[in-house]
Amino acid sequence: MPTVTFLPSFRKAVVDREGTLMEAALNAGINLNVVCGGQGKCGKCVMFVKSGVAEFDRDQFGRFFSPEELESGACLACQTRVIDDASVFVPESSHIQEQKILIETLGLETEFHPSVWKYPLVLNPPSLDDPSPDLTRLLWGIEKKGGPREGKIYAPLEVIRSIPRVLRDSGWKITATVALVPGGYRLIDVEKGDTSSRLYGVAVDLGTTTVVVFIRSLVDGRVVGVASNYNKQISCGEDILSRVNYARKGGLAKLQSLAAESINTAITRAANQAGVDREDIHEVVIAGNTIMTHILMGIDPAYMIEEPYVPVVRRYLTAAASRVGLEVKENAGLFIFPAVSDFIGGDIVADVLASGMSESSEVSLLIDIGTNFEVVLGNRDWMFSCAGAAGPALEGGEVLFGMRANPGAIEQITLDLETLTPAYRTINHEKPRGICGSGLIDLLAELLRACVIDRTGRINTVIAHPRIRLGPHFPEFVVAWKEETGIGKDIVITENDIKNLIMSKASILAACITLMNEAGISRNGIDRIYFTGAFGNYLSKENAIIIGLIPEVPLERIRTIGNGAIEGANIALVNRKKRKQLDEIARTMAYIELNATPSFMDEYTRGCFLPHTDLSLFPVVEKMLDECRIHRG
């Protein structure tokens, strides 16, 4: 098999003959920036072949490079097949870089009802007058301290084995830890001395791309540590589908191990920040999409991507955290949020819990946008939900200079309507390297507002302006000149980029309208729109309406709830009573399969305009467009 040497790190990996450079990079442990999942659409996995034999179809994929770059061996790793030993250079931009990960929450207040307690005890030693067994003596002590009745607490064998030595070595001064589990109470630990102040739990948002962890005191509910990092499964595929296919090829065990490792890394960072010993973490609560939680639990996810798209389990799951490889207290409990369907998972149930829509009579529309999107419409009496592919455009894929929310990404932009001069803000205030999702939404709205593009997304090349020009393949608008960028190239948005963005936003709007039609309500019947997740947290509400990403409602009805998944996980961690609502939320939420709903494609087609074919649905935007025409006319 050919060997590929990756420069400048000099990492080596073997790959099957005619395997791709991306596969070789995976074998070498190099995490590539493959936004489109290796389909050759995003142009982000750039490499330069320096020597050896590798085949790259320049005719089909050469559009991503200049003639000079192609002469220097430029190629896309996902589309380059290795024929013989080769050496390739991997530029820094092709590596997955530090991303702006959303950890902010609303910090909602909830009642404090933990499911784990510590009881510091001073017990009388046994005597001839009181020869009660050690376990009975211990459980009586818990009951006298205000804990559960002695006969209601189950003691597992591994804990019973430790009791006699701990009691005697501690001089009968110990701390017993008890957890409420399905079916009753469980004695999970016995420690020397008084350790009652050292009792912690972890809330986890297990995302496809990122993992976010909160450590909270289960004595008083305080947040003591927060951390985040990439989901290390990215090395096995950027998107969910590619990971399921990886599992099908015998990779489930590795995916499971990487999920646990990703959570452990975040827990360690948060624990170090807080000065907390991981051995004092006695419970872990996880919210994640259905496939991610199946993989974490080591459950085969393959059947969720085949008709009739059925998960193995939908209800909430509990287990010992150590059984899935989490490095916390040995007998710590693990609680996994329930799911609704294959693509409406525990993260969305957590979003709904965090928003409060399941407890309100108001009709709310909740939207979570990534490469895939999820939409929920309803209130405490009823809910409809759906999911679909937004496409990678809103995350920077299929857009020539699109990128994730990494340093140097343009995240906010406005245009001077007279001069068309952009004013932008980049992440970490670095020189611009590309445009992330929130910046793309802003740019699309600004170009429409300035009449640089029409409602179909075509660039008006009649306007005589240096920023409007014919590019190598499509008309384009220059956002930043090469002298001001961090990549030495003009950063542009092309007509093809705009087309991809319109198709992505049309899917989301069509999903919203499909649920509204199912419920028999109009945009005026929506009392609240919630955006959750990183994309929704940073985008402009006004611009989201201008391009037709969401139905037009008064801006004061739109609210961002930050990372709703971690917010919901936090609530469930410190308030066990809220966990009772989770299965009820999941049962209440009817799932609408968009592919089986004929009207969805009709709505999608209508949404492939800015903002929509029917401007009566967007009266404020219609007025703005009329003013624009008068101004340009």
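Before moving on, here are some points about what is shown:
- Filtered by the rule that a residue be buried (at least 18 other Cβ atoms within 10 Å of the Cβ) and modelled with pLDDT of 90 or more, the range 90-100 gives a lone residue, V90.
- Helices (runs of 4 or more DSSP H) fully within the range 507-606 counting 3 or more residues that are under 23 Å from the mean Cα position of the chain (by Cα) and over 23 Å from V340 (Cβ atoms): 541-546
- Residue in the range 612-620 that is surrounded by 12 or more Cβ atoms within 10 Å (Cβ to Cβ), within 29 Å of the chain's Cα centre (by Cα) and at pLDDT 95 or above present: yes
- Meets criteria (surrounded by 18 or more Cβ atoms within 10 Å (Cβ to Cβ) and either outside any helix (DSSP H, G or I) or within 44 Å of the chain's Cα centre (by Cα) (or both)) for G147: yes
- For the range 395-430, a tally of residues being of a type in the set (S, T, N, Q) and over 24 Å from the mean Cα position of the chain (by Cα) returns 3.
- The number of residues in the range 39-54 being over 32 Å from the mean Cα position of the chain (by Cα) and either basic (K, R) or exposed (fewer than 14 other Cβ atoms within 10 Å of the Cβ) (or both) comes to 3.
- Complete set of residues in the range 395-447 that are part of a strand (DSSP E or B), β-branched (V, I, T) and touching a residue at least 40 places away in the same chain (Cβ under 8 Å): I410, I413, I435
- Filtering the range 455-473 to residues that are surrounded by fewer than 18 Cβ atoms within 10 Å (Cβ to Cβ) and within 33 Å of the chain's Cα centre (by Cα) leaves R455, T456, R458.
- Condition check for S127: at pLDDT below 95 and of a type in the set (S, T, Y): yes
- For the range 57-71, taking the residues that are surrounded by 13 or more Cβ atoms within 10 Å (Cβ to Cβ) and not charged (D, E, K, R), the one that is nearest to R11 (Cα to Cα) is identified as L70.
- Among (1) touching a strand residue (DSSP E or B) at 6+ places or on another chain (Cβ under 8 Å); (2) under 20 Å from E279 (Cα atoms) - the single one N231 does not satisfy: (2)
- Residues that are surrounded by 24 or more Cβ atoms within 10 Å (Cβ to Cβ) and not in a helix (DSSP H, G or I) within the range 269-303 comprise I281, H282, E283, V284, V285, I286, A287, G288, N289, listed in sequence order.
- Remark: pairs (first residue in the range 16-36, within 16 Å of F56 (Cα to Cα); second residue surrounded by fewer than 17 Cβ atoms within 10 Å (Cβ to Cβ) and among the charged types (D, E, K, R); Cβ separation under 6 Å; 6+ apart in sequence or on different chains) are absent.
- Among the candidates A253, A247, A266, A227, residue that is assigned to a helix (DSSP H, G or I) and within 16 Å of the chain's Cα centre (by Cα): A266
- Taking the criterion of being farther than 19 Å from Q233 by Cα, in contact (Cβ under 8 Å) with a residue 60 or more places away in the chain and among the aliphatic types (A, V, I, L, M), the residues of the range 304-338 that qualify are V328, A332.
- G568 being of a type outside the set (A, V, I, L, M), touching an Asp or Glu at 6+ places or on another chain (Cβ under 6 Å) and farther than 28 Å from T456 by Cα: no
- All of (1) surrounded by 22 or more Cβ atoms within 10 Å (Cβ to Cβ); (2) without any contact (Cβ under 8 Å) to a residue 60 or more places away in the chain hold for K482 with one exception: (1).
- Residues of the range 20-62 that are more than 26 Å from N372 (Cα to Cα) and assigned to a helix (DSSP H, G or I): L21, A24, N27, R58, D59, Q60, G62.
- Test result for P301, in contact (Cβ under 8 Å) with a residue 12 or more places away in the chain and within 19 Å of G370 (Cβ to Cβ): yes
The values are calculated or read from the model by the stated rules, or taken from the named source; none is laboratory data. Owing to the predicted nature of the structure, the values given are computational and were not obtained by experimental measurement. Cβ: placed from backbone, ideal geometry, glycine included. Neighbour counts: every protein chain shown.
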